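Q: Have a look at this one.
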Amino acid sequence: MTNGFFILLQVVAAVVGMYQVALSLFGLRRRHRTKEHPPTKSFAVLIAAHNEEKVIAPLIENLKHLDYPKELYDVFVICDNCTDRTADIAREAGAIAYERFEPEKRGKGFAIEWMLGQLWKRPREYDAVVMFDADNLVSPNFLQVMNNKLCEGAKVVQGYLDVKNPFDSWVSISYGCSYWYTNRMWQLARYNLHLPNALGGTGVCVETALLKEIGWGATSLTEDLEFGVRCVMRGVYPTWAHDARVYDEKPLTLKASMRQRLRWMQGHFDCFHRYFWSLLRESLRKRSLAMFDSALYLFQPMRMLIVLLTTGMLYFQVFSPGFFELTNISTLFPNWFWVSMNIFLFGQLPLAMLLERVPLKALLGLVILPAFTLTWFPVTTAAFFTRKNRVWDHTLHTRAIRLDEIRSR
């Protein structure tokens, strides 16, 4: 029975992994660009900020100079429990600042939910709401691309998530490699297959009518994932905008990175617990590949734990022969199969980066990426045992980078 269960765990992990490898093939090419539509959609641009006085001004300056009619969008800053000059700096830079003080409800999800309530009270109505983090920078065409998507019927759109500071440390370049791969082989692949795209917490555009219909209601540590799942369960599939870029600042140290990823994984496990089984049942009942794919996305942290558990048990068997007999399913397939799979799996990373035309020196990050990847295992394990945590942990941002600096690289 133990061996049978062990084989089952390996099969589940392998099938989910091969499913993703198969889907990534559809990210190798890009479809034709979205048709250009005249700028008609109006936007409320929301920036969630908690003590971001050092980075908020460059983003507002950036947003004030987008290639989109200025009368069709307003910039709002949600000053969430701030104790610094974030609100003053935001107003000086030309944004509309709202200050919120609810220490018992800290976090981006609560801040957005509160701000939407304030927004609905304003006399002006907007066609869509766009959300950014305070440390972001945005490509000048961002709102024009979102206008195109909305004109073609999209209700929820995720922009391309890039890294603002990839060459600052070995941690930030590891983030960069991961994001470039994900954008191409995960997000673009699903867009090409008309499957739901994952929301990344920033660079998200949501139709106002949809927000008023279903409400925000996403207050977990991963509010983006939660809202995306709620949309999919209602048959609203988030789509992808490969040409609308958001540059996000990434941590420089391993300690800060692991704290950030711990919060992500805690929120992911929380959403898995609340939505996975109902989403899986709906996908089978409706025979919906889109819902099934979203359920598998919720399952990813569990798959990582399964890989860790099965690998550990196999190593234990090697060093303690005779303690128990477990079947390694890799021995059931010829060597050429696993060699081919591994070549393609690891070959996707440099291929995705070349297709995304990242600076060639970024390829050096692939040398240290395996070490960064291994740190996901302790993070995911710790998140599993602390998955009930709802205390939001702020990631400190200190470097004010402007868009011209990113373009110059």
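Q: Just name one of Pro166, Asn141, Gln317: the one whose Cα is farthest towards the positive end of the charge dipole of the chain (beta-carbon charges, Lys/Arg +1, Asp/Glu -1).
A: Gln317
Q: Full extension from Ile329 to Glu152: what is 0.36 nm times the residue separation minus their Cα-Cα distance, to one decimal in nm?
A: 59.1 nm
Q: With contacts defined as alpha carbon pairs under 8 Å and 6 or more residues apart, what's the relative contact order of the chain in percent?
A: The normalised contact order for the chain reaches 22 percent.
Q: For the range 271-276, in order, what is each residue's ³J(HN,Hα) by Karplus, 6.51 cos²θ - 1.76 cosθ + 1.60 with θ = phi - 60°, in whole Hz (x at glycine and Pro)?
A: The phi angles translate into 5, 4, 4, 8, 10, 4 Hz.
Q: When the accessible area of the range 1-81 is split by element with a 1.4 Å probe, what percent falls to carbon and sulfur?
A: Answer for the range 1-81: carbon and sulfur cover 62 percent of the accessible area.
Q: Further question on the same structure: Rg and Dmax in Å for the range 249-288, alpha carbons only: what are they?
A: Looking at the range 249-288, its Cα Rg and Dmax stand at 15.6, 45 Å.
Q: If you don't mind, there's one more thing I want to ask. Using the Karplus curve 6.51 cos²θ - 1.76 cosθ + 1.60 with θ = phi - 60°, what ³J(HN,Hα) values do you get for each residue of the range 218-234, in whole Hz, with x for Gly and Pro?
A: Using θ = phi - 60°, the values come out as 10, 10, 6, 5, 10, 4, 5, 4, 4, 5, x, 5, 4, 5, 4, 5, 9 Hz.
Q: Write down the accessible area per residue of the chain in Å², having rolled a 1.4 Å probe over the full set of protein chains.
A: Value for the chain: 47 Å² per residue.
Q: Using 7 Å Cα-to-Cβ label points, what is the Asp88/Gln300 separation (nm, one decimal)?
A: 4.1
Q: From the backbone phi of the range 354-365, what are the Karplus-calculated ³J(HN,Hα) couplings (6.51 cos²θ - 1.76 cosθ + 1.60, θ = phi - 60°) in whole Hz, Gly and Pro given as x?
A: Result, ordered by residue: 5, 5, 7, 6, 6, x, 4, 5, 5, 4, 5, x Hz.
Q: Which translational diffusion coefficient, to the nearest whole µm²/s, is obtained for the range 1-70 from the Stokes-Einstein equation, given a Kirkwood hydrodynamic radius over C-alpha pairs, 10 °C and 1.306 mPa s?
A: Rounded to a whole number, D works out at 87 µm²/s.
Q: Follow-up. Quick one: if the Förster radius is 25 Å, what FRET efficiency do Leu252 and Lys361 give, using the C-beta to C-beta distance and rounding to 0.05?
A: Efficiency at R0 = 25 Å is approximately 0.90.
Q: Further, regarding this structure: With a bin width of 5 angstrom, please list the P(r) values of the range 287-389 as percents of all Cα-Cα pairs, from the 0 bin to the one holding the largest distance.
A: 2, 8, 11, 14, 18, 20, 15, 7, 3, 1, 0
Q: Separate question: Under the definition of Cα pairs under 8 Å and six or more residues apart, what whole-number percent is the relative contact order of the range 76-222?
A: Once divided by the residue count of the range 76-222, the mean separation gives 29 percent.
Q: If the cut-off is a Cα-Cα distance under 16 Å, which lysines reach Lys361, setting aside same-chain residues fewer than 8 apart in sequence?
A: Correct list for Lys361: Lys164.
Q: Let me ask you something else. Points 7 angstrom from Cα along the Cβ direction at Phe337 and Lys286: gap in nanometres?
A: 3.4
Q: For the range 80-224, what does the alpha-carbon gyration tensor say about shape, rounded, prolate or oblate, given a ≥ b ≥ c as the root eigenvalues, a/c under 1.5 as rounded, and a/b over b/c as prolate?
A: The shape class here is oblate.
Q: Something else now. Can you pull the percent of the range 185-291's accessible area that's carbon plus sulfur, 1.4 Å probe, other chains left in place?
A: Summing carbon and sulfur atoms, their accessible area is 55 percent of the total for the range 185-291.
Q: Going down the table (Lys54/Lys250; Lys64/Lys149; Lys108/Lys250; Lys121/Lys212; Lys54/Lys255), which pairs top 24 Å between alpha carbons?
A: none
Q: Could you state the angle between the C-alpha long axis of helix 2-24 and the longest principal axis of the C-alpha atoms of the chain, as a value from 0 to 90 degrees rounded to the nearest 10?
A: Around 50 degrees separate the two axes.
Q: Output the direction-averaged projected area (hull surface divided by four) of the convex hull of the alpha-carbon atoms of the chain, in nm².
A: That works out to 21.1 nm², a quarter of the Cα hull's surface.
The values are calculated or read from the model by the stated rules, or taken from the named source; none is laboratory data. On a predicted model such as this, the values are computed, not experimentally measured, just so you know. With ideal geometry, Cβ positions are generated from the backbone for all residues, glycine too; neighbour counts draw on all protein chains shown. Please note that ligands, DNA and RNA were not included when accessible areas were found on the heavy atoms of the full protein model with its side chains. Shrake-Rupley method; radii C 1.70, N 1.55, O 1.52, S 1.80 Å.
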